[in-house]
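Following: one structure in structure tokens, then a few remarks.
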Amino acid sequence: MGQGKPLAGQKALVTGANSGIGKAVAIALGEAGADVVVNYRDGEDKAVEVADQIVRSGSRALAVRADISVESEVSDMFRRAIEHFGTVDILVNNAGLQSDAPVDQMSLAQWNKVISVNLTGQFLCAREAVREFKRRGVVPSVSRAAGKIVCMSSVHDRIPWAGHANYAASKGGVMLLMKTLAQELAPFKIRVNSISPGAIRTPINTSAWSTQEALASLLTLIPYGRIGEPEDIGKATVWLASDDSDYVNGISLYVDGGMTLYPEFARGG
Ligand code: BGC
């Protein structure tokens, strides 16, 4: 089983994998041959559905509840993952949320919530993964690397975003967390990269695409003329997690239909 699949024999853990981008990523990794830990915080039924879909594609899957902003829950989740699958080869640091407000109306609780899930959560999960990668080292029959981390960032790790100071700050933080870990861990054959999605059709941004007017306005920001689908991010993640990208370390891969190309300058400047 899994012969010829790019991630055959590998074990992946995807945070926030019961909906949106995380769900598509977990399914894509499973189809590529990886066994997958499907992390969720709320919505067990949806996580179990994702796990069932992975099993139908021929890989193994385990749904595990954990709030990634809580240190003890993260270490418990990794312990369960390693007990169940033997190790972890791939971490996809995906879970994230928005809590938007003009800065003068943003509460400290809103600020802290977004930073603790989107940024501190990525640190806590990366730390556990790195401990396991360093303990195990490279197993050449599995992968050329001792481990791979894919951080889900955003185009807003470089595009400022009025009304979303907490979110943009968290993603800017993710970018330099990722690059610093990539630099620090390269000697251990651990690769760390980000995917920076643009507008992807998921629950986090329903208001940006669910009406014709909103979608038309959104498309003025996307030179390629379509909204992204979660599967676009799934495919990019499989590549960054596989040995096909073995010489790629510390990059931000913008999967955004050109949103970062200053589209308004196509008409002026
Ligand atoms: C945000 C979405 C937004 C997209 C493009 C993402 O990081 O979560 O709400 O549509 O960036 O602006």
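Read the figures in this text as sums done on the coordinates, not as results from a lab. Please read these numbers as outputs of a predicted model, since none were measured by experiment. So basically every Cβ, Gly included, is an ideal-geometry build from the backbone, and we count neighbours across all protein chains shown.
Relative contact order, whole percent, for segment 129-172 stands at 26, derived from Cα pairs under 8 Å and 6 or more residues apart. Extension gain for the segment E83 to D52, taken as residue separation times 0.36 nm less the Cα-Cα distance, is 9.2 nm to one decimal. A cut-off of 5 Å between modelled amide H atoms, ignoring neighbours fewer than 5 places along the same chain, links A95 with T15, G16.
Distances between every pair of Cα atoms in the chain, grouped in 10 Å steps from 0 to the bin holding the largest one, split as 7, 31, 37, 19, 5, 0 percent.
Amide hydrogen proximity for Y254: with H placed 1.01 Å from N in the peptide plane, the residues at 5 or more positions away or on another chain lying under 5 Å are S196. The orientation-averaged projected area of the convex hull spanned by the Cα atoms of segment 192-252 comes to 4.8 nm². Pairwise Cα separations in segment 108-226 fall into 10 Å bins from 0 onward with the following percentages, short to long: 12, 35, 29, 18, 6, 0.
Scalar couplings 3J(HN,Hα) for segment 224-241, obtained by applying the Karplus form with A = 6.51, B = -1.76, C = 1.60 to θ = phi - 60°, are 6, x, 8, 6, x, 10, x, 5, 4, 7, x, 5, 5, 5, 4, 4, 5, 8 Hz; x denotes Gly and Pro. Amide H contacts of L62 (H built 1.01 Å from N, in plane; Pro and chain starts excluded): V36, V37, V38 sit under 5 Å, all sequence-distant by 5 or more or on other chains. Using equal-weight Cα scatterers in the Debye expression, the normalised intensity of segment 34-170 in log10 at q = 0.17, 0.22 Å⁻¹ is -0.98, -1.31. Only Cα pairs under 8 Å and 6+ residues apart enter the sum, and on that basis the relative contact order of segment 81-129 stands at 42 percent.
How much length, in nm to one decimal, is gained on full extension between W161 and T260, taken as 0.36 nm per residue of separation minus their Cα-Cα distance? Don't jump to the answer; show the numbers that get you there.
Values: separation 99, 0.36 × 99 = 35.64 nm, distance 1.25 nm.
Length gained between W161 and T260: 34.4 nm.
Normalised by the number of residues in segment 110-255, what is the relative contact order in percent for Cα pairs under 8 Å and 6+ residues apart?
Numbers: 199 pairs, mean separation 40.2, N = 146.
28 percent.
Place a label point 7 angstrom from the Cα of D42 along the Cα-to-Cβ direction, then list the residues of segment 65-81 whose backbone nitrogen is under 18 Å away. Label zone hits: 65-70.
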